[in-house]
Amino acid sequence: MMALTGLQIQKLLPKTNCRECGSNTCMAFAMKLAAKKAEIAECPYASEDAIQILGAASEPPVRGIALGPDRMLKLGEETVLYRHEKTFFHQTALAVNINDTDSSSMIEETLTTVHEYRMERVGETFRIDMAAVTQRGADVNGFVALAKRAWETTGLPLVVRSESPAALKAAAIAVKGSRSVLAAATPETLDELHNIAAANNHILAVTAPDLDSLYRSAAKLRETGFQDILLQFQTSSLAEQFQTNSAIRRAALKDAVKPLGYPFLRFLNQRADLLEIAAGAITEIDKYGGICVLPVFDPALLAALMTLRLNVYTDPQKPIQVEPKVYPIGEPRPDSPVFVTTNFSLTYFTVSGEIENSGTSGWLVVPECEGMSVLTAWAAGKFSGASIAKFVKDVGLEKQVTTREIVIPGYVAQISGELEENLPGWKVLVGPQDAADIESFIKMQKATIKTQK
Ligand code: SF4
């Protein structure tokens, strides 16, 4: 169903302007519904017809799927093709695969790694989201035991993969409660696996040799009311993967093709080399991937993928920011140098890292700049001499340190006079433009002081 306009929605409402929904008029409420900022349930007088029509119209074009026992891992609910149109909501989940034919030492090592892996970046900690367990051997009991072991070791939702419905059923029961993914139902096994997934509260991935069959399978499941669906496409090249992901997401968002409005599941080729795996995973992250299963654990690859994912899925209207305050870097004393930068996370972590790398302890003053970088904040009037001086006074820095020199970023040298005016008794030093030059700047300052002595 195409999205309804505010006017079309208003025609379906009671038009009594009773305000019980919190809006002043039915029209105002209709506009909120059109913008997906309200739900029809908030109007107690909406007719059954209106509820049915508007309920379907307000359903997100890409269904939200929650995984894990606590349903904390979320996929889907996307509303735009391009991040700058609004934002992306739920990032591509990354999983690492183990096969039941892998050696027991390799299985143990991979499971432990998946469980313990942590990566810190711009103040956030990232983990591997899921483990995938693939049946390649003939021993169903071994496969089921492995799925159970993966669930118990990692505590993460799984992707459980087998071509045998019987093996998937046994594994689904063994990991019941984990709200995992069963992969995958073909047109032939759809009915049987649908029942297994529904009975054990798991998600069902559907696959088919062509998109028409995949569409029919998803549509058939929808008709039963089962909505815990992932779409697994069969593609034979990176170009086809890119095109298929893009075309299907466009069909869901722009043409409201409901059976295609589900998150995707992608297993990357186990026989691919690391470069091909990286290209496949990057394509998933860039082009709407729901779950991307990596055939191997490679720390360098994961770090790169998680960084890329952070960039793609950060809300462009809400930059990642750190708390405005004075940060001690190393073990500063009252007479240690004082630096200032903005509270955009990337800027903060780059500058603090460079100060730390220089081996110098110091104080890093980070005023409120709404998460903007140095030049943007300056252009927006959020990083001026007056605002920095006010922040320095408000946080009581003058009582905390005896230093009376403050180093500002080289890009905003023009604020030095204003800052000195607003901070009587302080000397403003213009630091380097590039954070990478902080270390040499500090060395130069120390050398100058020695010479003066
Ligand atoms: S509660 Fe319903 S009838 Fe009343 S103003 Fe809101 S939309 Fe109109």
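The values are calculated or read from the model by the stated rules, or taken from the named source; none is laboratory data. All values derive from a computational prediction rather than experimental measurement. Every residue, glycine among them, receives a Cβ derived from its backbone with ideal geometry; neighbour counts consider all protein chains shown.
Within the stretch 86-98, identify whether any single residue is part of a helix (DSSP H, G or I), closer than 30 Å to Pro299 by Cβ, away from the ligand (no atom under 16 Å from the Cβ) and not acidic (Asp, Glu), and answer yes or no.
Step one: filter the stretch 86-98 for residues part of a helix (DSSP H, G or I), giving none.
Scanning the stretch 86-98, I find no residue that is part of a helix (DSSP H, G or I), closer than 30 Å to Pro299 by Cβ, away from the ligand (no atom under 16 Å from the Cβ) and not acidic (Asp, Glu), so the answer is no.
For Leu54, the conditions (1) modelled with pLDDT under 90; (2) assigned to a helix (DSSP H, G or I); (3) more than 14 Å from the ligand (Cβ to nearest atom) are fulfilled apart from (3). Here Val407 fulfils each of the conditions (1) over 18 Å from Pro334 (Cα atoms); (2) buried (at least 16 other Cβ atoms within 10 Å of the Cβ); (3) of a type in the set (A, V, I, L, M, F, W, C) apart from (1). Report whether or not Glu116 is under 20 Å from the mean Cα position of the chain (by Cα), surrounded by 22 or more Cβ atoms within 10 Å (Cβ to Cβ) and charged (D, E, K, R). Here the answer is no, as Glu116 does not meet what is asked. When Thr92 is tested against the conditions (1) surrounded by fewer than 19 Cβ atoms within 10 Å (Cβ to Cβ); (2) under 17 Å from Ala281 (Cβ atoms); (3) touching a helix residue (DSSP H, G or I) at 6+ places or on another chain (Cβ under 8 Å), the lone failure is (1).
What helices (runs of 4 or more DSSP H) lie completely within the stretch 306-395 and have 1 or more residues being closer than 24 Å to Lys86 by Cα? Break it down into steps so the answer makes sense when it comes.
Working: elements: 345-357, 374-379, 385-394.
Passing ranges, in order: 345-357, 374-379.
In contact with a strand residue (DSSP E or B) (Cβ under 8 Å, 6 or more places away or on another chain) and farther than 27 Å from Thr153 by Cα: is that true of Ile248 in this structure? So Ile248 fits the description; yes. Residue count for the stretch 269-290 under the criterion of being over 19 Å from Thr113 (Cα atoms) and not in a helix (DSSP H, G or I): the result is 8. The residue of the stretch 286-305 that is farthest from Thr87 (Cα to Cα), among those that are touching a Ser or Thr at 6+ places or on another chain (Cβ under 8 Å) and among the hydrophobic types (A, V, I, L, M, F, W, C), is Phe297.
The sole residue among Ala41, Ala34 that is in contact with a Gly (Cβ under 7 Å, 6 or more places away or on another chain) and not assigned by TED's automatic domain parsing to the domain that holds Leu158 is Ala34. For the stretch 40-51, taking the residues that are over 18 Å from Thr5 (Cβ atoms) and near the ligand (Cβ under 8 Å from one of its atoms), the one that is nearest to the chain's Cα centre (by Cα) is identified as Glu42.
Restricting the stretch 44-76 to residues that are surrounded by fewer than 16 Cβ atoms within 10 Å (Cβ to Cβ) and among the polar types (S, T, N, Q) leaves a set whose member that is farthest from Val159 (Cα to Cα) is Ser47. Scanning the stretch 191-234 for residues that are surrounded by fewer than 20 Cβ atoms within 10 Å (Cβ to Cβ), closer than 25 Å to Asn269 by Cα and more than 27 Å from the chain's Cα centre (by Cα) gives Pro209, Asp210, Leu211, Asp212, Ser213, Tyr215. May I ask you to verify whether Pro69 is under 18 Å from Arg149 (Cβ atoms), part of a loop (DSSP other than H, G, I, E, B), of a type outside the set (Phe, Trp, Tyr) and more than 16 Å from the ligand (Cβ to nearest atom)? It is true that Pro69 is under 18 Å from Arg149 (Cβ atoms), part of a loop (DSSP other than H, G, I, E, B), of a type outside the set (Phe, Trp, Tyr) and more than 16 Å from the ligand (Cβ to nearest atom). The residue of the stretch 287-345 that is farthest from Ser180 (Cα to Cα), among those that are small (Gly, Ala, Ser) and in the same structural domain as Gly359 (by TED's automatic domain parsing), is Ser336.
Once the stretch 1-39 is narrowed to residues that are part of a helix (DSSP H, G or I) and among the basic types (Lys, Arg), the residue that is farthest from the ligand (Cβ to nearest atom) is Lys11.
Restricting attention to the stretch 415-430, which residues are assigned to a helix (DSSP H, G or I) and free of Cβ contacts under 8 Å to residues at least 12 places away in the same chain? Hits for the stretch 415-430: nothing passes.
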